[in-house]
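The values are calculated or read from the model by the stated rules, or taken from the named source; none is laboratory data. All values derive from a computational prediction rather than experimental measurement.
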Amino acid sequence: MVLRYIFYAFLAYLGFRLIFDLIIPIVTTTRKIKKQFAQAREQMEQQQHYQQQQHQAQQPSKPENVTDGIGDYIEFEEIKKDK
């Protein structure tokens, strides 16, 4: 009879240790990691958005009277000198 109570107390102790030393730390660590990944993803998206804005701001706007390279090409002919 006494051994049964000791056995149940031991099982309760093992269950307590399992919950508080293994399960709860795993859950809290998982939540922290998920939060850090979300923050890193958000920071990366903000950085990409900022870089896109900087890239668009740096591109010079083309004047309206300039064509897309039509007529800008000058043909070059090599002239050989005869001796």
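All conditions but one from (1) at pLDDT 95 or above; (2) among the small types (G, A, S); (3) under 37 Å from the mean Cα position of the chain (by Cα) apply to G15; the one that does not is (3).
So that you can scan it fast, the table gives a plain yes or no per residue for (1) at pLDDT 95 or above; (2) part of a helix (DSSP H, G or I); (3) more than 30 Å from the chain's Cα centre (by Cα):
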| position | (1), (2), (3) |
| --- | --- |
| F7 | yes, yes, yes |
| I33 | yes, yes, no |
| H55 | no, yes, no |
| E64 | no, no, yes |
| G71 | no, no, yes |
| E75 | no, no, yes |
